[in-house]
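The values are calculated or read from the model by the stated rules, or taken from the named source; none is laboratory data. Computed from a predicted structure; not experimentally measured. Cβ sites come from the backbone with ideal geometry, for glycine too, and all protein chains shown count toward neighbours.
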Amino acid sequence: MSTKSLLSKNLVLFIFMCLPFLSNAQDRLFTYTYQSTVLNKGQRELEVWNTLRTGRDDFYARLDHRTEFEIGLGGRLQTAFYLNLTSKTKTVSESGIKSTSTENEISFSNEFKL
């Protein structure tokens, strides 16, 4: 192995080792609980949730998608806007004939937190 090749591999390894120190993710202390902190004035946060539900006697699949946009308003007050999308596909029986049915739903919601 040449010195140049070894040097480039070590450089790549060094960069990957330093990435966790350079990145900045969420500031939550407990990852399995939801901390109810309020954003400061002007701060924004975008959160995306996806939940897949399956496993019934007949065919069933449901995908829930929620996008939340939070905005800090100041004075320990913030607001959040939610876009909720749901797609549900299931087996239905009519007159002894089984077929699949798909339902889609879109909703919007808002929340204030003090």
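Which residues, taken from the stretch 47-59, are of a type in the set (A, V, I, L, M, F, W, C) and touching a residue at least 24 places away in the same chain (Cβ under 8 Å)?
Listed by number, the list holds a single entry, Phe59.
For a quick check of your reading: which strands (runs of 3 or more DSSP E) sit entirely within the stretch 60-113 and have at least 1 residues that are touching a residue at least 40 places away in the same chain (Cβ under 8 Å)? Write out each step before concluding.
Numbers: elements: 60-74, 77-94, 97-113.
Ranges flagged: 77-94, 97-113.
Which of (1) surrounded by fewer than 14 Cβ atoms within 10 Å (Cβ to Cβ); (2) within 30 Å of Asp57 (Cβ to Cβ); (3) among the polar types (S, T, N, Q) is the odd one out, the single condition Ser109 does not satisfy?
Result: Ser109 passes all but (2).
Only residues that are outside any loop (DSSP other than H, G, I, E, B) and at pLDDT below 80: list them for the stretch 15-50, please.
Filtering the stretch 15-50 down to residues outside any loop (DSSP other than H, G, I, E, B) leaves 15-22, 44-50.
Passing the criteria: Ile15, Phe16, Met17, Cys18, Leu19, Pro20, Phe21, Leu22.
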